[in-house]
Amino acid sequence: MAEDCLFCKIIAGEIPSTEVYSDEKFYAFRDINPGAPTHVLVIPRKHIARITEADANDATLLGEMMLRANRIAEAEGVAEPGFRYVMNCNSDGGQSVYHIHLHILGGRALSWPPG
Ligand code: DGP
């Protein structure tokens, strides 16, 4: 757990969240400011501040995160109509919380390219 990390505090239960999925490696919860009818954040329990800090030791973890997210998208009912994964990195990428998180956005037709 990293000090002063919002998402580490959510994992620890110090800040409340609406759980969608939880296991020994990952936690998923609803975004507080949803950008679509379905907006879930999938985070590893391991603190990695930004995706560019992940290294070869994290390869399995990152792959598993995508596979868990696939199951969550199915459970949320967005897999078939379609959805989007987003992971923002650093300021120009729009990252505001420095604990990697995969956004699952769905429940409506999404425009492209993003703003
Ligand atoms: P990003 O901008 O990619 O770093 O996404 C961070 C997301 O985290 C943003 O969509 C809003 C969400 N968020 C920020 N604070 C909280 C919180 O306290 N609870 C929940 N559930 N979501 C949060």
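Read the figures in this text as sums done on the coordinates, not as results from a lab. This is a predicted model, so every value here is computed, not measured. Quick reminder, even Gly has a Cβ in these numbers, built from the backbone with ideal geometry, and neighbours come from all protein chains shown.
If we scan segment 11-25, do we find a residue that is more than 12 Å from the chain's Cα centre (by Cα), of a type in the set (Val, Ile, Thr), within 15 Å of the ligand (Cβ to nearest atom) and loosely packed, with under 13 Cβ neighbours inside 10 Å?
Checked segment 11-25: at least one residue is more than 12 Å from the chain's Cα centre (by Cα), of a type in the set (Val, Ile, Thr), within 15 Å of the ligand (Cβ to nearest atom) and loosely packed, with under 13 Cβ neighbours inside 10 Å.
Any residue at all in segment 73-80 that's out of contact with any His (no Cβ under 6 Å at 6 or more places or on another chain) and in contact (Cβ under 8 Å) with a residue 60 or more places away in the chain?
no
Mind checking which pairs have a first residue in segment 82-96 that is closer than 13 Å to Ala49 by Cα and a second that is of a type in the set (A, V, I, L, M, F, W, C) and near the ligand (Cβ under 10 Å from one of its atoms), Cβ under 8 Å, 6 or more apart or different chains?
If the second residue must be of a type in the set (A, V, I, L, M, F, W, C) and near the ligand (Cβ under 10 Å from one of its atoms), the pairs left are Met87/Ile100; Met87/Leu102; Gln95/Cys89.
For segment 35-49, which residues satisfy the criterion of being part of a strand (DSSP E or B) and more than 10 Å from the ligand (Cβ to nearest atom)?
Listed by number, the residues that qualify are Thr38, Val42, Pro44.
Hey, could you check segment 71-84 for residues that are surrounded by fewer than 16 Cβ atoms within 10 Å (Cβ to Cβ) and within 19 Å of Ser22 (Cβ to Cβ) and say which is nearest to the ligand (Cβ to nearest atom)?
Ala75
Assuming Ile32 fulfils every condition listed in (1) aliphatic (A, V, I, L, M); (2) in a strand (DSSP E or B); (3) within 11 Å of the ligand (Cβ to nearest atom) apart from one, which condition is it?
Exception for Ile32: condition (2).
Kindly list, by first and then second residue, each pair from a residue in segment 1-18 that is over 17 Å from His103 (Cα atoms) and of a type in the set (Val, Ile, Thr) to a residue that is part of a helix (DSSP H, G or I) and within 11 Å of the ligand (Cβ to nearest atom), limited to pairs with Cβ atoms under 6 Å and residues at least 6 apart or on different chains.
Ile15/Lys9
Select from segment 50-59 the residues that are in a loop (DSSP other than H, G, I, E, B), of a type outside the set (A, V, I, L, M, F, W, C) and either surrounded by 12 or more Cβ atoms within 10 Å (Cβ to Cβ) or within 14 Å of the ligand (Cβ to nearest atom) (or both) and list them in ascending order.
Across segment 50-59, the qualifying residue is only Arg50.
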